[in-house]
Amino acid sequence: AAAAGGIVKPLPPELFISHGTNAEMRWEAMRRQGYLTPADRFFVRNHTATPLIDARTWSLKLWGTGLRGRPTEDSPVELTYEDLLDLPSETLTASIECTGNGRGFFASQQGQEASGTPWKLGAVGVARWHGVRLSTVLRRAGITREAVDIMPRGLDADYVDKGENLGRVRRPLPVAKAMKDVLLAYRMNGAPLPADHGHPVRLVVPSWVGIASVKWLGDIQVADEPLFSPWNTRFYRLFGPAYPPDGSAPLTRMNVKSAFELPWEAELPAARPLALRGRSWSGGGRILRVEVSADGGATWRPARLRDRHPDPRGWARWEFGWQPSRPGPYELLARATDETGATQPATVPFNRLGYLFGAVVRHPVTVI
Ligand code: MTE
C-alpha cells in the first residue's frame, strides 16, 4: 500500500523544503543537532511514494547466474526478516547523499539549468546504520567467483519517466563494492528503519551516489555478467558538452561539499562576533581542511574543525569566527579538501541531469 502524499513522516516547513515526492533538509535544522541527522530531519528522495511493508511477511529473494545452482527469479534463495536478525550484525556511521544534491546551483551560480529536483545542499544526511553486511548474505546465498554484478531492486511502485514505464528502482553494483563495505540496514540511529528510509531493510552503500542505497529492498539479482538498468545507463551518468555522447561512466563515489548551518538568506546581527558553523563531507574520505571566505572568495581563512577525527564516511563539523565590518548583504563561501587532496572548485562543467555539483556554494546572508 502506497502512502497518499508520497512521504509518510511529517515535514514541518521549518525543517524541510518540499519538492514534490522529495523533501530537502533545511541546513539551519542541523545547527543545534549533534553529529548525526535525526531520522525525522533526514531528507527523503522517492521516485514514487513510500510503500508500507510488513516485516513479518517480507523476505529477501536472491537469484541469478552468479549464485551456486543458479537459482531463478521464480525459485530464489529466500531470507526472512527473522533470518536476517539472526545473522551477525554491525553498526556503520555513513552519509547518504543524493547525486543531484546542489543541482539548483547550476542555474543560480552558473546560469545553466539542469533537469531534476532543484535541491540546495540539503539532500544529504549522516546516520548510524545497523544491520548485516551484504557480503555475509551473499556468501550465505552461495555467491560464486564468477559473479561480477549484483542488482538490488526496491519494492516501491514502477517508475514512469515521461510516459515510459521503467519498472522498479534497481541499479547494478559491482561485486567488488558489494563485498567490501555495504550494509543491509534494518536500524537507523538506534530505532527500526522508518518507512520513508526503506523499512524493513535498505542498502547503505558508503561514499557512493545515493541511488546505490536501494530502499525497501525486495530482491537481489547476482550475475556472472555485467548488468544494466536505466539507473546506470540513462541516469546517474554525466551528459553534456564536456562528456562523451553516451555520457560518462556510471557514477560511483560522491564528491566534496560544504554547507553552512544557516538559513538561506539568513539575517545576522552585526553587533557581536559571529560563530558560523557548518559541515563538510566527501565520498573520497576524511575531510582534512575547510576554509571560509566572507568577501566573495577574495580572501580565505581556515575554519576550526570541531571533530578531531571525523568519520571518513560521515562529515566534519567546523566553526568560523566572523566579525562583519558593516551591515549589508554578504556571500559566505566554504571550501573543503579531503584526504585524497580533492577540493571544491569555483565552478564545475555543466551536465544536463545536474549531478555532482561540487563547486563552492555562495550562501547569501544579510548583516543587520
Ligand atoms: N530506493 C528505492 N527503492 N526507491 C527510490 O526512490 N531513491 C534513491 C535511494 N534508494 C530510491 C531508493 C535515491 S535517488 C536516494 S538519494 C536515496 O535512496 C535517498 O535515501 P533517503 O530517502 O533515505 O534519504
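Just so it is clear, none of the values below were taken in a lab; they were calculated from the coordinates. Model, not experiment: these values are computed from the prediction. Don't worry about glycine lacking a Cβ; one is built from the backbone with ideal geometry, like all the others, and counts go over all protein chains shown.
Quick one: check the C-alpha center-to-center distance for segment 97-123 versus segment 157-180, whole angstrom.
Spelled out, the Cα-based centre of one part sits 22 Å from the other.
Of the options THR299, PRO13, ALA141, report the single residue whose Cα projects farthest towards the positive end of the charge dipole of the chain (beta-carbon charges: Lys, Arg +1; Asp, Glu -1).
Looking along the dipole axis, the top candidate is THR299.
With springs only between Cα atoms under 10 Å apart, run a GNM on the chain and tell me which of MET179, MET188, MET151 wobbles the most.
In this elastic network of the chain, the residue with the biggest mean-square fluctuation among MET179, MET188, MET151 is MET179.
Could you compute the FRET efficiency for SER75 and ALA191, with r as their C-beta to C-beta distance and R0 at 30 Å, rounded to 0.05?
Rounded to the nearest 0.05, the efficiency is 0.30.
Which trypsin sites (Lys or Arg not before Pro) in segment 71-159 pass both tests, a DSSP loop state and at most 15 other beta-carbon atoms within 10 Å?
ARG145
At most 13 other Cβ atoms within 10 Å and a DSSP loop assignment: could you name the GluC sites (Glu not before Pro) in segment 270-359 that fit?
GLU339
How many times 2.2 N^0.38 Å is the alpha carbon radius of gyration of segment 75-155?
In units of the globular-protein estimate, segment 75-155 measures up at 1.61.
Cα atoms only, the chain: Rg and Dmax in Å?
21.0, 73
Which whole number of Å³ per residue matches the convex hull of the alpha-carbon atoms in segment 227-368?
126
Please report the spacing between the Cα centers of segment 273-319 and segment 205-253 in Å, no decimals.
29
Roughly what would the spin-label model give for THR299 and ASP246, points 7 Å off Cα along C-beta, in nm?
A separation of 5.2 nm, rounded to one decimal place.
What 222 nm value per residue comes from the helices of the chain, counting each DSSP H run with n ≥ 4 as -39,500 (n - 2.57) and dividing by all residues, nearest 500 deg cm²/dmol?
Rounded to the nearest 500, it is -1500 deg cm²/dmol.
Which residue, chosen from SER229, PRO310, GLY284, occupies the Cα position most advanced towards the positive end of the dipole of segment 184-313, where the dipole is computed from +1 (Lys, Arg) and -1 (Asp, Glu) charges on Cβ about the Cα centre?
The listed residue farthest towards the positive side: PRO310.
Describe numerically, in nm with one decimal, the distance between label points set 7 Å from Cα along Cα→Cβ at THR144 and at GLN110.
Taking the two extended label points, one gets 4.4 nm.
Taking the Cα centre of the chain as origin, sum charge times position over the Cβ atoms of Lys and Arg (+1) and Asp and Glu (-1), and report the length of that vector in debye to the nearest 20. Write out the running numbers ahead of the final one.
Numbers: 46 positive and 37 negative charges, 184 e Å.
Dipole about the Cα centre, nearest 20: 880 debye.
Counting other Cβ atoms within 10 Å, which GluC sites (Glu not before Pro) in segment 252-290 have at most 10 and lie in a DSSP loop?
Of the GluC sites (Glu not before Pro), the ones in loops of segment 252-290 whose Cβ has at most 10 other Cβ atoms within 10 Å are GLU265.
How much FRET efficiency would the formula 1/(1 + (r/R0)^6) give for GLU90 and PHE228, where r is the Cβ-Cβ distance and R0 is 30 Å, rounded to 0.05?
That pair, GLU90 with PHE228, gives E of 0.45.
If you stretched the chain out fully between GLU164 and GLU28, how much longer would it get, using 0.36 nm times the residue separation minus the C-alpha to C-alpha distance?
On the way: separation 136, 0.36 × 136 = 48.96 nm, distance 3.82 nm.
Full extension of this stretch gives 45.1 nm more.
Cα-based Rg of segment 40-114 per 2.2 N^0.38 Å, rounded to two decimals?
Cα Rg divided by the expected 2.2 N^0.38 Å: 1.72.
I'd like the FRET efficiency for GLN323 and THR48, computed as 1/(1 + (r/R0)^6) with the beta carbon distance as r and R0 of 56 Å, rounded to 0.05.
0.70
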